[in-house]
């Protein structure tokens, strides 16, 4: 396994006290909440960024906020790193543990606590899955807007950690725009509440700071999120183009015209083939690139908006336009799109990039991306949220070939640097994690990193929380 | 007043102030009344970004604008209007309500909009100012120039200092440049007016409207006491009560028409309904945004109260039993503009807010005497206050920015 | 994902197959969300992804199974919900099959567990023995609450509680060919099977009646028996393959004798296994081809009926909650046919929420893992009852027993309702 990215060296004073720490944790929590047998730790050694793996010291699965607080207090007092984990679906290695760390899993805190339709809020425990919220409120005509592709499995706590986005963020925003409050366990075990059901919180926007902080500022155990009335109807439409460049230009054209659809998703030929194989959604296989454009509202409204979009697509020489005919068909179209990463596993191993670029640079970056992967002799599949420039090149490789795995990482780094140089950023919605940590210098100066790390230290002076992530190891001061 | 001419200049001034232990009070146009708070220390010098002005980058096709922080809001709005775009979060203009303190000849700056996180009636669908803010440049308390965020909508690269600085009222850093998302101006706006609802019923009506798939982009309730202050008293008359509950619909013309019919039909269950066209609607919502009802030239204490939307009317009803107040509601009842007829009653108000599920109150307008006694910003629970103080110390270690202002 | 097996390890065809399966997994974690044990226990070790990882670790290191691994593999229901969910196409079914065989071969279970499993393997697949055991259970039932207080005896308690209070008469000999009325349109064999024929012989009777009405000749060949699923899921591979070979022989003789359009199965749990005969016997040169042919002919009764174009019937003003057995929806991917048939037959059909989750029956799971099974049953019944049905319909005897023990709403086999709608008698459970 290539190991280009380093972890912090384990704290030897923690490793040497492993047995005592486990005994203490077993005293703090019920017996079935502490996992420490060697074999049982193995499944927790990684998340969805499987190139990197580290066995944790122990795993705890608390059921209440006070249990979380007790674990944090203990670990803080004893200098034991803590790595929070939701469903372990991070694509950037945000939940990968380290040898001296206790994995704090929130999977057992999975209850929906309150639905308040008068205020259109849901208060849920951190381990509730994203889709579970929308599924639960659907019968009453509401939904929770951010919809990362892993929404079936990923937890709201993890979404807050990574400020997750999704396909429909173009209209409704990402997690931070839909989060009203959290219950947060601080590193020393104090429990605070930020925000609530009111629309803006008092004081500094600590809620905004915590959202996207990758589990480094505290442990979110409960969240209050906004619910939105479900539109009368929604219609995904497929637009097939001969080339990726044409599709990319069409995206820029749609946005420039002042139309903001709910979602504009992009797939290139390899991605179309992969998704069609799993979902059988009826994606056209004879095109070079595909856009899924979703509009919503009443029938008349959707017709009107679509008419404009079709007109723009024509100008970009669209080959096929297919409106979906039924709710089942629409569900299949989205199922295919949302399963794209996993479905790629059918043909190869992959790493998934997450850079975001200004819309005007979309075509350029797409072209450069394939040049980069070509130069490494690797294949790439592109499937991403085009409307907001959030690109997800999937670099395909063979994980059992160490040399190729190394090349894939290098190509990935090149692509991310390209995104930054094009005026974008390293990560739009997957987080820095461990994957992009060492590229942070490409986007920020040392003074800027120092400022972020100083703010981090206001929450966690001793780097207990998820310590190997986000900030380059050198220069931590 | 310090008025640096460049970002580098600002960094230099701030570095020196930190070295000299001098305190700075950051303002833009100083039009929002909050820069003038009494400081704990006497040695405070105002510093304004008004000379850091001008457009840096604006590509209408990308719907992103970058401007220097001291650029007048009017200039930004003009540039946007020329491209039929807008700041969707509708920043209010405080000058009207500030009476003797609101100097109409001074322009509010775009930096001030974000530093105070000023957000209008479209809060539900467009978010607050902080939700549109994509990137910033600022000078921290060490005099270092820091960039945060960027110019793309999705960005989780590192800690979100953009959000932290937004709404920090100039106590964490000196904004020099802001990059924000803009949106097309909706071609059509209509307003559904429901007459004669008491506050509690209006709260129910607004909640019902917001739960419909018609995308209401503004929900306000104007009790009888304030109604005549809007549209020059020209809100259509209906027998049976002076209250007006107003719901805004925006979008493509055909679509708004369909939604307006649907919404009006459903709202008829609550009371008599009328519709306002595009011109009246635009004026009305601007007046709601700018709290026109209380642009009364007085110094009566004015609170901006943020609570759960369903709690707004209950809070006001409970307060009325103990104090003389006048109020109207935006954000479906979640934003209460409350004018106290005598004392500021900060303690009472804040106790009641806690009793009704939490939220916070900001004293937007008050005489110097009242200000000295009532904390302008909501006092925080100890643990949060301590955390906020630590955060501030990390950006402004010498505590030079607006000491005692927030947290 | 990356794997590390030596070339020597990969010479074992089971290992080679597992390696191929593992390579497809990208560890995305989607499977956790729809796994009944993960949503119940909240521990990744009790999720497909956790088990895959445990199995991978065990196989790569060539290790014998140990208590930890066995605990978590045993908790797997083999409901295959994860297989439906998995975008990468990980063949979890055959991976966990392999793990179960590996456990059976390398791990010595505690005595009580061994005895129980041997007892189940010796009784359930044999109708005469099972019938005798159920008669005995009648006398044991009053002691069930007492027995359940002793941890080691909990499975026995669960078993006693599941045993039906009354048992129909021993099925009249339905062996041989059942004549058709009118023109013969087809000829099929039906699996008489094991447990179902004892617990509810009415299901196959209804099937045969209905098929006869549509001109399908049904043979119930001598010599067939349990499909092997019960022992297969316990990792008892040799026994399972013996059952499979016996049935392959019986049906092959029928094909040679008069041809078969299909082999009809009325218990979806058995259907999943019989459709897998081709895979199970792929390494047996004498059987590989024959078994593949049998698997290709195997059809769930609803799958077969869907090809017959049954005429729509008058609406009946009866609401049916359709419970899709895991072996039906995940194992065989039959999701629409049963509901469409019921609708055409005039019933109002409801889909309960969380339809993808197992009811906790899962073969012998409700006996071997009574606690998890009971939680799943409660959840399932709650979801079903929320649809306010008059009747619950499903296509698997295990689910019928499990759900039936948790609700007062009558639960019947889909085919019993169809038989009724197309001229047969009203199902016994709906009378009175």
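What to note about this one:
- Put simply, the convex hull of the Cα atoms in segment B:163-219 casts, on average, a shadow of 7.2 nm².
- Stokes-Einstein D (µm²/s) once Rh is taken as the Kirkwood radius of segment B:7-184 over alpha-carbon pairs, at 20 °C in 1.002 mPa s: 130 µm²/s
- In chain A, one over the average inverse separation of all distinct C-alpha pairs is 23.0 Å, which is the Kirkwood hydrodynamic radius.
- Segment B:170-247-segment A:201-233 distance, computed between alpha-carbon centres (Å): 25 Å
- The ellipsoid equivalent to the alpha-carbon distribution of segment A:112-229 has semi-axes of 21, 15, 13 angstrom, derived from the gyration tensor eigenvalues as √(5λ) and listed largest first.
- Residues A:363, C:18, arranged from fewest to most other Cβ atoms within 10 angstrom of their Cβ, appear as A:363, C:18.
- Compactness of segment A:28-176 as Cα Rg over 2.2 N^0.38 Å, two decimals: 1.11
- Model label zone, residue C:385; criterion: amide N under 13 Å from point 7 Å along Cα-to-beta-carbon; scope segment C:408-432: C:408-410
- Peptide A:85-92 shows a mean partner chain C-beta count of 4 within 10 Å per residue C-beta.
- When each of the peptides C:216-222, B:318-324 is scored by how many other beta carbons lie within 10 Å of its residues on average, the order from highest to lowest is C:216-222, B:318-324.
- Helix A:446-459 axis, angle to chain A major axis (alpha carbon atoms, nearest 10°): 60 degrees
- Treating each Cα of chain B as an identical point scatterer and summing with the Debye formula, the log10 of I(q)/I(0) at q = 0.07 Å⁻¹ comes to -0.33.
- The protein assembly as shown - convex hull of the alpha-carbon atoms, volume per residue in Å³: 186 Å³
- Spin-label model, residue C:106/residue C:213: points 7 Å from Cα along the beta carbon direction are separated by 5.4 nm.
- Cα gyration tensor shape for segment B:188-289, rounded if a/c is under 1.5, else prolate or oblate: oblate
- Per-residue mean of foreign Cβ neighbours for A:422-434 is 4 (Cβ atoms of other chains, 10 Å radius).
- Two-site FRET efficiency, residue B:347 against residue B:367, from Cβ-Cβ distance with R₀ of 22 Å, rounded to 0.05: 0.80
- In plain terms, if you count all Cα to Cα distances in chain C and split them into 10 Å steps from zero, the share in each step is 4, 21, 32, 27, 13, 2, 0 percent.
- Which of C:320, A:124, B:13 has the fewest Cβ neighbours within 10 Å, and the rest in rising order: B:13, C:320, A:124
- Helix B:199-210 and the long axis of chain B differ in direction by around 80°, with both axes built from C-alpha atoms.
- Gyration tensor verdict on segment C:319-430 (Cα atoms; rounded if a/c is under 1.5, prolate if a/b is larger than b/c, oblate otherwise): prolate
- Theoretical FRET efficiency, 1/(1+(r/R0)^6), r = Cβ-Cβ of residue C:119 and residue B:320, R0 51 Å, to 0.05: 0.10
- Taking 1.002 mPa s as the viscosity and 20 °C as the temperature, the Stokes-Einstein diffusion coefficient of segment C:176-305 based on its alpha-carbon Kirkwood radius rounds to 146 µm²/s.
- Cα gyration tensor, segment A:363-406 - rounded (a/c under 1.5), prolate or oblate: oblate
- Extent of segment C:111-162 along its three principal axes (Cα atoms, max minus min coordinate, largest first): 30, 25, 12 Å.
- With R₀ set to 51 Å, the beta-carbon distance separating residue A:421 from residue C:139 gives a calculated FRET efficiency near 0.05.
- Stretching residue A:375 away from residue A:445 to a fully extended chain increases their span by 22.3 nm, per 0.36 nm per residue minus the current alpha-carbon distance.
- For chain B, calculated [θ]222 nm from helices alone, where every DSSP H run of n ≥ 4 adds -39500 (n - 2.57): -8500 deg cm²/dmol
- Dimensionless Rg over Rh [segment B:98-182; C-alpha; Kirkwood]: 1.00
- Residues B:174, A:278, arranged from fewest to most other Cβ atoms within 10 angstrom of their Cβ, appear as A:278, B:174.
- Inverting the pair-averaged 1/r between distinct Cα atoms of segment A:12-105 gives 13.2 Å as its Kirkwood hydrodynamic radius.
- Degrees, to the nearest 10: A:362-375 long Cα axis against longest axis of chain A: 70 degrees
Every number here is computed from the coordinates shown, using simple stated rules; none is lab data. What you see is a predicted model, and the numbers here were worked out from it, not measured in a lab. Counting neighbours? That spans all protein chains shown, and the Cβs are built from the backbone with ideal geometry, glycine included.
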